[in-house]
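The values are calculated or read from the model by the stated rules, or taken from the named source; none is laboratory data. Computed from a predicted structure; not experimentally measured. Backbone-built Cβ (ideal geometry, glycine too); neighbour counts: all protein chains shown. Surface accessibility is based on the protein's heavy atoms, side chains included, excluding ligands, DNA and RNA. Shrake-Rupley method; radii C 1.70, N 1.55, O 1.52, S 1.80 Å.
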Amino acid sequence: MSRYKVAIYTLGCKVNQYESDSIGNELSKLGYEIVSFSEYADVYLVNTCAVTNMAERKSRQIIHRAKKINPKGIVVAMGCYVQAVKEELLSDIGIDIIIGNNRKKDVPRIIKEYLENNNITDNIIDINNTCEYEELHLDKPIEHCRAYVKVQDGCNNFCTYCIIPYTRGRIRSRNIKNVLDEIKGLVKNNIKEVVLTGINLSSYFDDSSNTLLDLLLAVADIEGVERVRMGSLEPRIITDEFLTAISKNEKICPHFHLSLQSACNATLARMNRKYTIEEYIEKCELIRKYYDRPAITTDVIVGFPGETDEEFEETRNNLQILKLYEMHIFKYSKRDGTIAANMENQIPEDIKEKRSNILLELARKNKNEFENTFANEKVKVLVEQVEEKNEKCFIKGHTDRYILVRKEYERGVAYSMVNEIVDMKI
């Protein structure tokens, strides 16, 4: 076949990134040339996001940017935004093909049929009525040291602020054998670190009754895998049994992104989260019982509908108690189609901004304090890249706790260290 050029743009989560990488791998094997999205291409693939209205707006902007780069190019919109607003996009003259979730594996076939005879089929299913886990495969990720591997899809939580259960469908998990086979292939391509990811990773449970714990231990047992990292977890998965097993395995990183959203029980209840702040604090204490200085990170939404000054203060006080390594602070943004969008007592933007700034300052303080506890210690760093600046040469990489380390090295030595895990004094 002639060598068509394909450009891929990914918005949103690491699951999307995995799916885009997998599609890019497959298209490359079929003879397509993968190019930068800013370049002239025959086909532009936009893997969209719908987690917020802002994400949807960015998705639209990127889709229409493609037509400006090459008005005759084929623009393919796929993913969560497409799933959420199918009818709207069908009439968008800037889009040639739309593909929903659980149909991304068909992208190569769909593109081929369109190129050959402009054959457009209905590529969106009723995502809420499928039990199928969409099987994709990754040979080589964009990052050459670390690979995100998708093992789970869908969510049953129905938090009041979230559209994702409606765009990703119900929970379903990938067969453990397929996961392990893929990772063995990645190791052959010199991948040292694997990050297991999913829409609701804690719910992993495959058709052979393997749990996330079974999967973690099996991945860590693969020869050549040097680090296993977990994506976002729900607090409920943190138990003595879980921590006893993983803390004995040095390959599994002491890095826990533990979903929070608010540190106030009244707000958590309105969000339809399934835990209290007391339970969350207990889970963090349990992790610290098994690990020395584990990196516990989270996401926090400020300005959720109905959040009073007293509720915000409760969140701030509890976050001071928790002393998490990193907190990603988000101002609540209405998401059409969710329960929270229609709640009373929506918070004005200026109050959201003020509360966000208070928590961002706390987050910076906590991050600095945590990282400073490792000063003058030797740590293991996966060297991911070399950076040259002002005639100096630096290596950059992450520790097992995902602390970013940057250190000056001799140029010749620095480049030889890339993709190696080395001992380094901070």
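Structure notes:
- Chymotrypsin sites (Phe, Trp or Tyr not before Pro) within region 154-213: DSSP coil, no more than 12 neighbouring Cβ in 10 Å: F158
- Whichever aspartates and glutamates have a C-alpha closer than 12 Å to that of K392, once near sequence neighbours (fewer than 8 apart) are set aside: E408, E410
- Mean-position separation - Cα centroids, region 1-44 and region 355-376, in angstrom: 38 Å
- Surface/4 estimate of mean projected area, convex hull on alpha-carbon atoms of the chain, nm²: 22.2 nm²
- In the context of the full set of protein chains, residues of the chain present 46 Å² of accessible surface per residue (probe radius 1.4 Å, heavy atoms only).
- Length released on extending from K380 to H328, taking residue separation times 0.36 nm less the Cα-Cα span: 16.2 nm
- Region 257-319: C-alpha pair distances exceeding 17 Å, %: 38 percent
- Each listed q (0.17, 0.22, 0.33 Å⁻¹) maps to a log10 I(q)/I(0) for region 86-125 from the Debye sum over equal C-alpha point scatterers, namely -0.43, -0.72, -1.20.
- If the chain linking K29 and E241 were pulled fully straight, counting 0.36 nm for each residue of separation and taking away their Cα-Cα distance, it would gain 72.0 nm.
- Using alpha carbons only, the radius of gyration of region 167-270 set against its Kirkwood radius gives Rg/Rh = 1.00.
- Cα gyration tensor shape of region 205-335, rounded if a/c is under 1.5, else prolate or oblate by comparing a/b with b/c: prolate
- Relative to the current alpha-carbon distance between R406 and E279, full extension at 0.36 nm per residue lengthens the span by 42.1 nm.
- The smallest convex shape that holds all Cα atoms of region 376-426, its convex hull, gives 68 Å³ per residue.
- For the pair region 248-273 / region 75-134, the C-alpha centres are spaced 33 Å from each other.
- Based on C-alpha pairs under 8 angstrom that are at least 6 apart in sequence, region 305-381 has a relative contact order of 45 percent.
- In loop segments of region 328-426 as defined by DSSP, the GluC sites (Glu not before Pro) with at most 16 further C-beta atoms inside 10 Å of their C-beta are E344, E377, E391, E410, E420.
- Most simply put, the chain has about 35% antiparallel DSSP beta bridges, counting only bridges with both residues inside it.
- Normalised contact order of region 226-375, rounded percent, pairs of Cα under 8 Å and 6 or more residues apart: 22 percent
- Considering only T160, T276, T373, the Gaussian network model of the chain with Cα springs below 10 Å gives its largest mean-square fluctuation to T373.
- Here the spin labels are modelled as points 7 Å beyond Cα on the Cα-Cβ line, and at K177 and R3 they lie 3.8 nm apart.
- With the biggest extent put first, the Cα atoms of region 93-198 measure 43, 42, 25 Å across the principal axes.
- Once C-alpha pairs closer than 8 Å and six or more residues apart are averaged by separation and normalised to the residue number of the chain, the relative contact order reads 10 percent.
- Trypsin sites (Lys or Arg not before Pro) within region 1-96: DSSP coil, no more than 14 neighbouring Cβ in 10 Å: R3, K72
- Where only DSSP H runs of four or more residues are counted, the chain gives -11000 deg cm²/dmol as its mean residue ellipticity at 222 nm, each run worth -39500 (n - 2.57).
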